[in-house]
1. Any residue at all in the range 112-121 that is β-branched (Val, Ile, Thr) and more than 30 Å from Glu76 (Cα to Cα)?
2. List the helices (runs of 4 or more DSSP H) inside the range 9-87, counting only whole elements, that have at least 1 residues being under 19 Å from Gln99 (Cβ atoms), within 12 Å of the ligand (Cβ to nearest atom) and free of Cβ contacts under 8 Å to residues at least 12 places away in the same chain.
3. Name the residues in the range 46-60 that are more than 14 Å from Ile34 (Cβ to Cβ) and either in contact with a Lys or Arg (Cβ under 7 Å, 6 or more places away or on another chain) or surrounded by fewer than 20 Cβ atoms within 10 Å (Cβ to Cβ) (or both), would you?
4. Which condition does Gln120 not pass, out of (1) exposed (fewer than 13 other Cβ atoms within 10 Å of the Cβ); (2) closer than 22 Å to Leu18 by Cα, if it passes all the others?
Amino acid sequence: MLTLYDNNDSGNGYKVRLLLAWLGTDYHYVDLDIFGGASRTPEFLARNPIGRIPTLELDDGTHLAESGAILYYLAEDSPYWPQSRRDRADVLKWMFFEQYSHEPYIAVLRSWSRHGEITQQKRDQWGEREAKGYEALGIMEGRLEGHDFLVGDRPTIADIALFAYTHVADQGGYDLARFPAVQAWIDRIKGLRGHVSIDAVLKG
Ligand SMILES: N[C@@H](CCC(=O)N[C@@H](CS)C(=O)NCC(=O)O)C(=O)O
């Protein structure tokens, strides 16, 4: 059985939890205290030298890191990875966009708001990160104004990749009311079969 090394508060980990729920796949769950250093122990670094969760242990005992790579691995033979080459490229486009233009701003401000001290260095960076996060939300709004999902007309792993931190952006101070199409899409994703919330408590 698959084993997911994760932290229950992580949106990156939630991407994998959500896809596994959509797929109806059972797995073992290991909730690591990443704020207490559990992702940097020699034991964990042997599983993933990057030292980050999510990390998925596969049936053959190997480990796969990076939320986007894990989503792709799990989705490849499912409806959440499109058939058309052009749509597949668009899924990757949104997933790269999430990692470079969305997560560093929206996820980071959420994390700073919820964990640790707000240092002067964080305060100095706050405004610029917030502006770039709003820019990313505006780009999503542009796509979602005329479409139900980010790619094609069905949910894909691009929606999962961006839903994870967008739907909790308010926890980092973002005002989602400015983005009605994004809000409607959030409700649409929440209504899909198999949905689980980011804070659902998982056991072993
Ligand atoms: N690009 C990675 C980012 C993973 C990441 O930043 N994980 C954080 C939690 S959200 C982590 O493991 N932090 C603990 C650490 O860096 O030791 C992904 O998408 O999986």
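Read-outs: derived from the displayed coordinates by stated rules, not from any lab. Quick caveat, the model's predicted, so the values are computed rather than measured. Note: ideal-geometry Cβ built from the backbone for every residue, glycine included; neighbour counts use all protein chains shown.
1. Yes, some residue in the range 112-121 is β-branched (Val, Ile, Thr) and more than 30 Å from Glu76 (Cα to Cα).
2. Result: 67-75.
3. From the range 46-60, those more than 14 Å from Ile34 (Cβ to Cβ) are 46, 49, 56-60; that's our starting set.
If the condition is that a residue be more than 14 Å from Ile34 (Cβ to Cβ) and either in contact with a Lys or Arg (Cβ under 7 Å, 6 or more places away or on another chain) or surrounded by fewer than 20 Cβ atoms within 10 Å (Cβ to Cβ) (or both), then Ala46, Pro49, Glu57, Leu58, Asp59, Asp60 are the ones that fit.
4. Result: Gln120 fails condition (2) only.
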